[in-house]
Structure formats: structure tokens, C-alpha cells
Amino acid sequence: IEVVEAYVERIKEVNPLINAMVKDRFEEALQEARQVDKLLSEGPADDYLEEKFPLLGVPITVKEAFSLYGMPNTSGLVNRCNVIATSDATVVSRLKQAGAIPLGVTNCSELCMWYESSNRVYGRTNNPYDLQRIVGGSSGGEGSVLAAACSVIGVGSDIGGSIRMPAFFNGVFGHKPTTGVVPNDGQFPNAHGVRTSYLCTGPMCRYAEDLEPVLRVMAGPGVSKLKLNEKVSLEKIKFHCMDHDGGSIFVSPVDKEILQAQKKVVEHLESDLGVRVQRVAIHKMKYSFQIWSAMMSSKDSEGQEAQRFTDLMGDHGKPVWPLWELMKWLVGMSSHTLPAIALGLTEKLMNLNLSGKAKLVSMGKSLQEEMEALLGPDGVLLYPSHPTIAPKHHSPICMPFNFAYTAIFNVLGLPVTQCPLGLGSEGLPLGIQLVAAAYNDHLTLAVAQYLEKAFGGWVLPGKV
């Protein structure tokens with residue numbers, strides 16, 4: 001009860017500033033905390049409790065796009081305002097069964113397809129390190145609520161960086177697991193067709209050591225595909241490093257501070273572990289945004305078309321015409337955000353060049369083979385989490401494709417851990433992506449724990 005009360009008080013104190021939690025269930029959480037205390041006072045053996053309820057009494061928060069019984073499940077879409085979840089998403093159910101106590105649901109971008117968490121249902125979420133900055137998206141409420149010490153564990157989902165960008169901008173840890181290990185059931189929108197291979201559900205948290213136990217619970221029986229019981233010898237990992245994507249015309253150059261932080265990681269690995277970090281230049285990474293876009297809109301193996309974003313915007317209602325919505329938006333009458341309207345427009349343009357799209361899909365498959373060959377059974381790639389530190393509100397619309405730094409790994413199906421590396425000169429979080437070959441999540445998780453000790457991990461906002 002004391003633990004849950006402490007988190008409830010913290011949320012009441014800071015949420016008016018950050019607007020990260022959009023609906024709480026404090027009364028139910030306190031009731032569940034009482035039941036946990038009762039269970040503990042009855043005195044079953046600790047090892048029995050640990051095995052049966054590995055997250056007993058741990059306060060968690062859940063991205064609003066996931067069903068959490070009794071909580072709204074709008075994904076920031078105005079015409080879903082009255083949707084209340086009548087069941088739990090699979091991962092939420094598993095976390096509850098493991099003893100975790102959900103405190104409430106957190107904000108996301110409209111339909112989870114933009115990297116600023118702002119919508120017409122709940123408004124905008126602010127970064128705890130600087131309220132004028134974005135929290136990232138689409139799991140931005142989770143990134144913000146964790147960074148502000150309002151929760152222990154967050155449930156996020158990621159189809160283009162939606163776990164890793166918020167984790168980076170808010171200075172916490174986020175893990176995108178190998179595709180197909182953690183179930184995506186019970187979130188809206190869910191992936192269909194080819195996108196089922198790209199959407200991942202995973203954990204976000206302040207401390208690296210929490211990633212693995214939460215991943216185990218989330219994966220359930222699927223955890224057997226991962227090698228989480230294997231001991232990792234850091235000295236035997238083959239480290240590779242890539243400073244930037246090679247200079248895509250669509251993406252901002254990488255900030256000097258981010259490059260400097262990555263350089264420090266390389267120097268520390270080489271001096272402390274005695275390893276040699278191999279610099280690599282993977283030419284196809286320059287086309288990350290184009291490859292991701294083409295693969296996201298391609299047909300699956302059965303010839304099924306990818307679900308159109310404009311259909312999702314309508315949510316089984318009238319179809320949405322992006323150009324008409326843009327006209328309405330200009331006079332303040334659209335119920336959609338500008339990024340959602342823009343995405344609807346670009347989706348129509350993407351389908352005009354089918355031969356170009358096929359070439360990009362083929363390039364993506366060949367990049368996947370190249371990456372798997374490079375990383376092998378014992379490789380980890382260091383790569384920027386984003387080209388810039390957390391930008392100011394609204395500015396992503398001027399640099400809409402910067403999410404390519406995270407998105408490329410969704411279509412490649414690789415596990416990635418975003419690891420914080422302290423704060424930069426403006427007091428904003430720095431970080432790095434750790435990438436491994438499929439099913440080698442244990443490598444990136446081990447390196448994240450190591451780098452947390454070396455670089456300090458999460459820093460409480462307002463401490464500096």
C-alpha cells in the first residue's frame with residue numbers, strides 16, 4: 001500500500017505539468033495493493049511467491065492503445081471517445097497475473113503513427129526535462145511518466161520506433177523485442193497483413209535490470225525462443241559502430257552531442273573490456289525511410305493489401321478524405337491532428353509508384369540478410385536512437401522522417417534496446433540503440449546493464 005500510495009502522490013504532483021497519464025485507476029490499484037499486503041501477511045514462502053508472482057505489487061502504467069479493463073481505449077481518435085475496454089490485452093493480462101498493479105493509462109499520438117504524443121482527445125504530453133519539448137511517440141505518455149518517476153514499468157508498442165524514441169527523448173530504457181515473440185493482441189490499432197511482422201510490444205523502464213524479467217512475463221511461453229538464460233560474456237561480443245545513416249536527404253544530420261556520446265561509449269568499451277569496436281558503413285541504411293515506407297505498404301505472402309491509414313482514421317465509420325480534412329484543419333474544424341492528415345496524404349502518393357516500391361522492398365530483404373550476416377550469433381551494433389535530442393513541440397512536422405533511425409529495425413525484425421547515456425548540455429537526455437541479430441535479445445539487454453553502470457542510466461528530471 002505504501003508503495004502504490006507513493007506513486008499515486010507522485011502522479012498527482014507532476015501529471016498536471018506533463019499530462020502523461022490520461023486516466024487513472026487509483027482506487028482499484030490501492031484495493032489490489034491491500035490484497036497483496038494480505039497475501040504477504042498470510043506468509044506463503046518467498047520463493048513460491050517469486051515464482052508465481054514475479055512482479056508482485058509492482059506499480060505499472062499502460063499505453064492507452066492497449067486494452068486495460070475499465071479504461072478508455074481510443075488511441076487518441078475522437079470518434080472512439082466512448083470506447084472503454086471490456087477485457088485486458090494479452091500482455092496486460094500476463095503482467096496482472098504476475099502480480100503487477102496498473103495505475104492507469106498514458107497518452108499516445110493519434111492512431112499511434114506519429115512521433116509527437118498529442119491528439120484531439122487528451123491534448124499534448126510534455127517532456128519532464130523541459131516542458132517545451134516533445135516526449136516522442138507513439139508510446140510518449142509512457143516515456144514521460146517513467147522519466148518523471150511516476151511508474152516502475154511501462155507497456156509500449158513499436159512499429160517505427162514507438163518504444164525507442166520516447167525512451168530516448170525521456171532518458172529511460174526501452175526494448176523492442178525480436179518480432180513475433182511478444183503477442184500484440186488487444187491493442188488498437190493492431191497490425192494486419194505484412195505489418196504483423198513489424199509491430200512489436202515491449203517493456204519500458206528506468207532501470208536496465210527490469211527489462212529482462214518484464215520481457216519474460218510479456219513473452220509468456222514465447223520466451224523459449226529467446227536465449228535469456230544464457231550467460232553473456234561482454235568481452236566476447238563483436239561490437240560494430242555506425243555513426244549515421246550515410247546522409248539521407250530526408251533526415252536531419254546527427255547532432256554533435258549524440259555523436260560525442262556514441263564516441264564515449266566506443267572508447268569505454270575498448271578501454272574497459274579490451275574489445276575492438278569495428279566501424280561499419282552499411283550503404284543501404286541511407287534509404288531507411290524509403291525501405292520502411294515501401295515494406296509497410298506492401299502485400300503479405302498471401303497477397304493481402306496492408307490496411308490503409310485512412311480506413312483506421314474512419315474506424316469502421318465513413319471513409320476519411322485527407323485533402324478534405326486538411327481544408328477543415330486549416331479552419332480549425334477537423335477532429336484529426338495535422339500529422340495524421342499528412343500521413344493519409346503521403347499514403348496515397350506512395351501507391352502511385354509501384355515499380356519503385358518493389359525495388360525498395362527487395363532492397364529491404366537484402367539489407368536484412370546483410371545485417372544478419374554482420375551481426376551473427378555474437379554481434380551488437382551501436383547506432384544513434386534519433387538524429388536529434390528531444391525537439392521542441394510541433395517541430396517534428398518540419399522533419400517528419402527522422403524516425404527512420406528507429407523504423408528500419410522494425411522491418412528488419414531485429415531486437416533493439418534503447419539505452420540512456422546521461423544528459424547533454426541543454427539538460428536533455430542522450431542515448432544509443434543497441435542492435436543484435438534476431439532472437440539475440442539477451443546480448444543487447446546485457447550491454448544495456450553494462451552501459452547503465454558506466455554512464456549512470458536514468459537521471460531524475462530537475463536534479464541538475
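For the stretch 146-162, the candidate set comprises residues that are modelled with pLDDT of 95 or more and not small (Gly, Ala, Ser); within that set, the residue that is farthest from Val22 (Cα to Cα) is Asp158.
Consider Val232 carefully, then state whether it is in contact (Cβ under 8 Å) with a residue 40 or more places away in the chain, part of a loop (DSSP other than H, G, I, E, B) and under 24 Å from Val266 (Cα atoms). Step through it out loud before you land on a result.
Details: in contact (Cβ under 8 Å) with a residue 40 or more places away in the chain: yes; part of a loop (DSSP other than H, G, I, E, B): yes; under 24 Å from Val266 (Cα atoms): yes.
Criteria met by Val232.
Can you name every residue in the stretch 384-424 that is of a type in the set (Gly, Ala, Ser), surrounded by 24 or more Cβ atoms within 10 Å (Cβ to Cβ) and under 21 Å from Ser144 (Cα atoms)? Show your work before the answer.
Of the stretch 384-424, the ones of a type in the set (Gly, Ala, Ser) are 385, 390, 395, 404, 407, 413, 422, 424.
Pick out the ones that are also surrounded by 24 or more Cβ atoms within 10 Å (Cβ to Cβ) and you get 385, 390, 404, 407.
Within the stretch 384-424, Ser385, Ala390, Ala407 meet the criteria.
Checked against (1) outside any strand (DSSP E or B); (2) over 16 Å from the mean Cα position of the chain (by Cα); (3) not acidic (Asp, Glu), Leu382 passes all but a single condition, namely (1).
So how many residues does the stretch 256-302 have that are of a type in the set (Ser, Thr, Tyr) and assigned to a helix (DSSP H, G or I)?
First pass over the stretch 256-302, keeping only residues of a type in the set (Ser, Thr, Tyr): 271, 287-288, 293, 297-298, 301.
Next cut, assigned to a helix (DSSP H, G or I) only: 271, 287-288, 293.
So the count comes out to 4.
Please indicate, with yes or no, whether at least one residue in the stretch 61-79 is over 24 Å from the mean Cα position of the chain (by Cα) and modelled with pLDDT under 95. Looking through the stretch 61-79, at least one residue is over 24 Å from the mean Cα position of the chain (by Cα) and modelled with pLDDT under 95.
For the stretch 50-70, the criterion of being of a type in the set (S, T, N, Q), open to solvent by 40 Å² or more (accessible area, probe 1.4 Å) and within 30 Å of Val320 (Cβ to Cβ) is met by no residue. The lone criterion from (1) surrounded by fewer than 21 Cβ atoms within 10 Å (Cβ to Cβ); (2) under 21 Å from Asp158 (Cβ atoms); (3) acidic (Asp, Glu) left unmet by Asp88 is number (1). Residues that are under 23 Å from the mean Cα position of the chain (by Cα), closer than 15 Å to Ser151 by Cβ and open to solvent by 70 Å² or more (accessible area, probe 1.4 Å): does the stretch 8-23 have at least one? Within the stretch 8-23 (the criterion being under 23 Å from the mean Cα position of the chain (by Cα), closer than 15 Å to Ser151 by Cβ and open to solvent by 70 Å² or more (accessible area, probe 1.4 Å)), the answer is yes, since at least one residue qualifies.
In the set (1) within 20 Å of the chain's Cα centre (by Cα); (2) at pLDDT below 95; (3) assigned to a loop (DSSP other than H, G, I, E, B), Pro44 fails one condition alone, (1).
Can you pull out the residues in the stretch 272-281 that are open to solvent by 50 Å² or more (accessible area, probe 1.4 Å) and among the aliphatic types (A, V, I, L, M)?
The initial filter retains those residues of the stretch 272-281 that are open to solvent by 50 Å² or more (accessible area, probe 1.4 Å), namely 272, 274, 276, 278-279, 281.
Residue satisfying the conditions is Ala281 alone.
Is there a residue in the stretch 131-145 that is open to solvent by 20 Å² or more (accessible area, probe 1.4 Å), at pLDDT 95 or above and in contact with an Asp or Glu (Cβ under 8 Å, 6 or more places away or on another chain)? Checking the stretch 131-145: not a single residue is open to solvent by 20 Å² or more (accessible area, probe 1.4 Å), at pLDDT 95 or above and in contact with an Asp or Glu (Cβ under 8 Å, 6 or more places away or on another chain). Pairs are defined by a Cβ separation below 6 Å, a sequence spacing of at least 6 or placement on different chains, a first member in the stretch 95-111 that is on the phi > 0 side of the Ramachandran plot, and a second member that is modelled with pLDDT of 95 or more; the pairs so defined are Gly99/Phe53; Gly99/Leu55; Gly99/Leu56; Gly104/Met21; Gly104/Lys23; Gly104/Asp24; Gly104/Arg25; Leu111/Ser75. The set of residues in the stretch 191-210 that are β-branched (Val, Ile, Thr), within 24 Å of Ser87 (Cα to Cα) and surrounded by fewer than 24 Cβ atoms within 10 Å (Cβ to Cβ) contains only Thr196. Going by what's in this entry, would Glu235 be described as touching a Leu at 6+ places or on another chain (Cβ under 6 Å) and modelled with pLDDT of 95 or more? Considered against the rule, which asks whether it is touching a Leu at 6+ places or on another chain (Cβ under 6 Å) and modelled with pLDDT of 95 or more, Glu235 comes out as yes.
Considering the stretch 170-190 alone, what residues qualify as being assigned to a loop (DSSP other than H, G, I, E, B), of a type outside the set (Val, Ile, Thr) and either open to solvent by 10 Å² or more (accessible area, probe 1.4 Å) or farther than 15 Å from Ile159 by Cβ (or both)? Asn170, Gly171, Gly180, Pro183, Asn184, Asp185, Gly186, Phe188, Pro189, Asn190 - these are the residues of the stretch 170-190 that are assigned to a loop (DSSP other than H, G, I, E, B), of a type outside the set (Val, Ile, Thr) and either open to solvent by 10 Å² or more (accessible area, probe 1.4 Å) or farther than 15 Å from Ile159 by Cβ (or both). Quick one: how many residues across the stretch 110-166 are aromatic (Phe, Trp, Tyr), within 25 Å of Pro59 (Cβ to Cβ) and in contact with a Phe, Trp or Tyr (Cβ under 9 Å, 6 or more places away or on another chain)? So the count comes out to 1. Residues of the stretch 244-271 that are surrounded by 12 or more Cβ atoms within 10 Å (Cβ to Cβ) and over 23 Å from Cys398 (Cβ atoms): Gln260, Ala261, Gln262, Lys263, Lys264, Val265, Val266, His268, Leu269, Glu270.
Taking the numbered list (1) modelled with pLDDT of 95 or more; (2) exposed (fewer than 15 other Cβ atoms within 10 Å of the Cβ) in turn, Pro213 passes all entries but (2). Close Cβ contacts (under 8 Å, 6 or more residues apart or on different chains) running from residues in the stretch 14-33 that are under 11 Å from Leu131 (Cβ atoms) and outside any helix (DSSP H, G or I) to residues that are modelled with pLDDT of 95 or more and of a type in the set (Gly, Ala, Ser) comprise Asn19/Gly123. In the stretch 165-190, the residues that are without any contact (Cβ under 8 Å) to a residue 12 or more places away in the chain form Cβ pairs under 8 Å with partners that are of a type outside the set (A, V, I, L, M) and open to solvent by 10 Å² or more (accessible area, probe 1.4 Å), at six or more places apart or across chains, as follows: Asn190/Asn184. Condition check: of a type outside the set (Ser, Thr, Tyr), at pLDDT below 85 and either over 27 Å from the mean Cα position of the chain (by Cα) or open to solvent by less than 20 Å² (accessible area, probe 1.4 Å) (or both). Does His336 satisfy that? Yes; evaluated as a whole, the condition is true for this residue.
The values are calculated or read from the model by the stated rules, or taken from the named source; none is laboratory data. The shown structure was predicted, so the numbers you read here are calculated from the model rather than taken from an experiment. Backbone-built Cβ (ideal geometry, glycine too); neighbour counts: all protein chains shown. These area figures cover heavy atoms from the full protein model, side chains too; ligands, DNA and RNA do not enter into them. Shrake-Rupley method; radii C 1.70, N 1.55, O 1.52, S 1.80 Å.
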